[in-house]
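As structure tokens, the structure follows; a few thoughts come after it.
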Amino acid sequence: MKRLGSIHITALTFGLAFLYLPILLVVIFSFNASKLVTVWGGFSLHWYGVLFSNSAYLEAALNSLKIATTAATIATLLGTLGALVLTRLGRFPGRQAIGGFMLAPMVLPEVILGVSTLMLFVSLGIERGLLTVALAHATFGAAFVLVIVQSKLVSLDPNLEAAARDLGAGPVQAFLLVTVPSLAPALVAGWLLAFTLSLDDVVVASFVNGPGATTLPVRVYSAVRLGVSPEINAISTILLVVVSAVVIMASLLQKQALMRDQR
Amino acid sequence: MPLLNIQGVSKYYGDETAVDNLDLEVEEGESLVLLGPSGCGKSTLLRMIAGLEMPDEGKILLDNQDITRLPPHKRPINMMFQSYALFPHLSVRDNIAFGLRREGMASAEIARRVDEAMAMLEIGNYGNRKPHQLSGGQQQRVALARALVKRPRLLLLDEPLGALDKRLRQQTQAELRKLNRQTGIAFVFVTHDNDEAMALADRIAVMQAGRLRQVDHPRRIYDRPVDRFVATLMADANLFESIVVEEAEDMVHARCGELELQFRADGIPRPADSYQLLGLRLEQIEVSRDPLPKGPNTASGTVIDIDYIGDMTTIEVRLSDNQIVKASQLNALHEPLIELDETVWLTWEADALVPLADA
């Protein structure tokens with residue numbers, strides 16, 4: 001690896017500090033014994049204890065996990081189907097348009113996504129709750145899954161399935177025994193990404209959630225409006241650890257899959 | 001009765017005709033090579049035999065049974081893909097066992113057959129590796145073992161040696177011939193490499209633009225090509241666009257510029273003044289420094305180019321009417337090399353001139 005000069009190191013330090021210092025402060029102050037958010041009063045796990053005895057937060061966290069799991073699963077199914085349609089069916093009229101529509105949620109402002117899905121649920125008379133949030137999250141999760149799975153599908157040898165069929169597997173068997181396992185790293189990476197996206201979301205969730213379906217980020221957001229409490233630092237730290245772990249896992253899986261292709 | 005019988009098969013992609021009303025038979029145990037330039041339809045034909053593509057017209061019979069509409073997994077035919085198409089998530093053993101498992105064979109029998117196939121292809125030590133941990137040559141063997149282990153009636157090989165380097169390719173050619181004889185399974189190869197076709201084939205089927213130009217033994221394809229395409233595909237040849245002068249006894253006399261050509265009549269009527277393309281292989285010409293009497297099937301001219309390639313020397317000779325004739329000869333130690341601008345005399349047998357169709 002190239003050795004870094006002192007200027008590089010200084011620049012890198014400032015850059016990283018700019019990005020991560022606020023987050024680091026949150027983590028540090030989550031272990032603060034003091035009740036004041038900005039004054040250090042010694043190390044303590046007090047606020048984590050308070051957090052875990054607060055049933056409202058625990059319920060919200062459970063909601064978030066349920067929603068993220070459901071949303072990620074639906075997103076993975078939809079995104080994979082979309083990727084298969086876009087890569088396997090060849091050219092058909094409207095292919096470009098479908099590809100564009102599938103990716104739109106990636107770039108659409110979340111407010112618009114939230115309002116439009118809310119209007120859809122209201123006009124269909126669907127009662128808002130955990131399922132509506134999961135469905136809304138699945139729409140943009142699917143776009144990310146599609147991109148990840150599509151890039152893997154494109155690099156996959158189109159003769160793999162043909163070889164499986166030639167060796168005696170029926171079309172469904174060939175897909176399940178050869179294509180799905182070859183896509184597995186991409187499927188898992190896509191699922192994990194959709195999971196964290198759902199876990200992170202405030203805007204869309206605050207539009208489409210209903211009574212009893214408040215997610216953790218929404219709960220945190222409304223609590224912060226009443227002032228930042230040390231509890232919030234603790235909960236942020238936990239979220240941070242969970243999300244980073246999942247994202248790192250997802251990128252490792254993707255890297256592993258790509259490396260296998262390159263050999 | 002032939003093993004495989006292809007009758008009037010056509011395949012269209014939109015406006016393009018990939019395979020055009022093609023008939024072909026494959027005999028039990030033979031090694032047949034489909035030879036042609038890329039895009040001639042040979043791979044499409046192979047995929048139709050495997051069942052991966054459906055013909056738009058015509059029939060394919062295996063052992064006299066119509067298999068035209070039979071899906072690939074129900075045909076006793078296996079294919080080795082150009083990309084090998086090894087399953088990346090399975091070990092070498094599991095790749096080879098894949099086809100047998102689909103037959104619902106007992107696991108002890110599967111293990112025995114897989115061991116046997118791995119021993120035959122000398123890949124017994126790699127059973128637990130994944131495909132990406134193997135070299136190109138090893139992957140090729142695994143792909144071959146995976147197809148052969150099913151003991152198909154017919155093995156299809158799509159450019160099987162394309163990804164190997166030259167030395168490994170020659171070695172593998174010999175092994176493929178051996179496997180073909182050992183197993184008694186009929187092999188159908190697809191290749192665009194004429195040397196490879198010669199090395200592998202009992203019979204070569206030359207394809208161009210979706211049609212078969214000639215199907216014959218390699219020697220006949222080389223020595224007796226039927227048309228311009230086949231003649232130049234196999235090796236360099238002199239082509240004389242000549243005019244028939246007369247047919248006398250069993251010889252036909254023709255003229256091409258100052259050249260007087262004489263070739264053996266083959267029963268096809270050739271009236272005087274009709275056009276006839278004649279082919280002449282470079283090595284069939286005898287080069288001499290001593291003057292020869294003028295007459296049919298001789299020429300003399302000036303050497304304008306010399307191409308020395310170890311065992312052979314190819315020279316280009318310009319005749320006085322500016323026609324250029326190419327000739328090659330084996331390099332013998334005691335003969336001094338021919339030099340540029342030297343005048344040489346050329347002569348050849350009447351049988352060396354091959355009348356060619358010129359479409």
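The values are calculated or read from the model by the stated rules, or taken from the named source; none is laboratory data. Because the structure is a prediction, the values reported are computed rather than measured. Glycine also receives a Cβ, built like all others from the backbone with ideal geometry; neighbour counts cover every protein chain displayed. For accessibility, only protein heavy atoms count, side chains too; no ligands or nucleic acids. Shrake-Rupley method; radii C 1.70, N 1.55, O 1.52, S 1.80 Å.
Tabulated results
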read-out: Selection count, segment B:140-178, where residues are touching a residue at least 60 places away in the same chain (Cβ under 8 Å) and open to solvent by 40 Å² or more (accessible area, probe 1.4 Å); value: 4
read-out: Some residue of segment A:239-249 being open to solvent by less than 20 Å² (accessible area, probe 1.4 Å) and under 16 Å from the mean Cα position of the chain (by Cα); value: yes
read-out: Residue within segment A:246-258 that is within 14 Å of another protein chain (Cβ to nearest Cβ), closer than 19 Å to B:Ser91 by Cα and touching a Leu at 6+ places or on another chain (Cβ under 8 Å) present; value: no
read-out: Hits in segment A:221-237 (condition: free of Cβ contacts under 8 Å to residues at least 40 places away in the same chain and either among the charged types (D, E, K, R) or in a helix (DSSP H, G or I) (or both)); value: A:Tyr221, A:Ser222, A:Ala223, A:Val224, A:Arg225, A:Ile232
read-out: Residue ID - most open to solvent (accessible area, probe 1.4 Å), chosen from residues in segment B:120-139 that are touching a helix residue (DSSP H, G or I) at 6+ places or on another chain (Cβ under 7 Å) and within 14 Å of chain A (Cβ to nearest Cβ); value: B:Arg129
read-out: Filter result for B:Leu154 (more than 19 Å from B:Asp195 (Cβ to Cβ) and modelled with pLDDT of 95 or more); value: yes
read-out: Of all residues making up segment B:253-269, the number that are farther than 25 Å from B:Leu233 by Cβ and touching a strand residue (DSSP E or B) at 6+ places or on another chain (Cβ under 9 Å); value: 8
read-out: Residue check for B:Glu249: charged (D, E, K, R) and surrounded by 15 or more Cβ atoms within 10 Å (Cβ to Cβ); value: no
read-out: Meets criteria (on the phi < 0 side of the Ramachandran plot and either within 24 Å of the chain's Cα centre (by Cα) or among the aliphatic types (A, V, I, L, M) (or both)) for A:Pro185; value: yes
read-out: Residues satisfying the stated conditions in segment B:81-102, i.e. open to solvent by 10 Å² or more (accessible area, probe 1.4 Å) and over 26 Å from B:Leu45 (Cα atoms); value: B:Pro88, B:His89, B:Leu90, B:Ser91, B:Arg93, B:Asp94, B:Arg101
read-out: Neighbours by Cβ (under 6 Å, 6+ apart or cross-chain): first from segment B:103-128, over 21 Å from B:Gln182 (Cβ atoms); second among the hydroxyl-bearing types (Ser, Thr, Tyr) and surrounded by 11 or more Cβ atoms within 10 Å (Cβ to Cβ); value: B:Asn128/B:Ser91
read-out: Residue within segment A:163-173 that is in a helix (DSSP H, G or I) and touching a residue at least 24 places away in the same chain (Cβ under 8 Å) present; value: no
read-out: Meets criteria (within 24 Å of A:Leu216 (Cβ to Cβ) and either of a type in the set (Lys, Arg) or touching a residue at least 12 places away in the same chain (Cβ under 8 Å) (or both)) for A:Phe52; value: no
read-out: Which listed residue, of A:Tyr20, A:Tyr57, is without any contact (Cβ under 8 Å) to a residue 40 or more places away in the chain and closer than 28 Å to A:Trp191 by Cα; value: A:Tyr20
read-out: Unique match (being open to solvent by less than 10 Å² (accessible area, probe 1.4 Å) and more than 20 Å from B:Leu52 (Cβ to Cβ)) among A:Ser198, A:Ser151, A:Ser182; value: A:Ser198
read-out: Answer residue from segment B:313-354, given it is open to solvent by less than 60 Å² (accessible area, probe 1.4 Å) and without any contact (Cβ under 8 Å) to a residue 24 or more places away in the chain and is nearest to B:Ala231 (Cα to Cα) among those; value: B:Glu316
read-out: Residue check, A:Val145 of a type in the set (Val, Ile, Thr) and either open to solvent by 10 Å² or more (accessible area, probe 1.4 Å) or at pLDDT below 90 (or both); value: no
read-out: Yes/no for A:Ser123 being away from chain B (no Cβ under 12 Å), at pLDDT 90 or above and under 23 Å from the mean Cα position of the chain (by Cα); value: no
read-out: Strands (runs of 3 or more DSSP E) contained entirely in segment B:1-119, each with at least 2 residues that are under 22 Å from the mean Cα position of the chain (by Cα) and either under 29 Å from B:Phe229 (Cα atoms) or within 14 Å of chain A (Cβ to nearest Cβ) (or both); value: B:4-13, B:16-26, B:31-35, B:77-80
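For every residue, the table says whether it meets (1) out of contact with any Pro (no Cβ under 7 Å at 6 or more places or on another chain); (2) among the polar types (S, T, N, Q); (3) closer than 18 Å to A:Ile148 by Cα.
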residue	(1), (2), (3)
A:Ile67	yes, no, no
A:Gly82	yes, no, yes
A:Phe92	yes, no, no
A:Gln96	yes, yes, yes
A:Met106	yes, no, yes
A:Pro109	yes, no, no
A:Ile112	yes, no, no
A:Phe121	yes, no, no
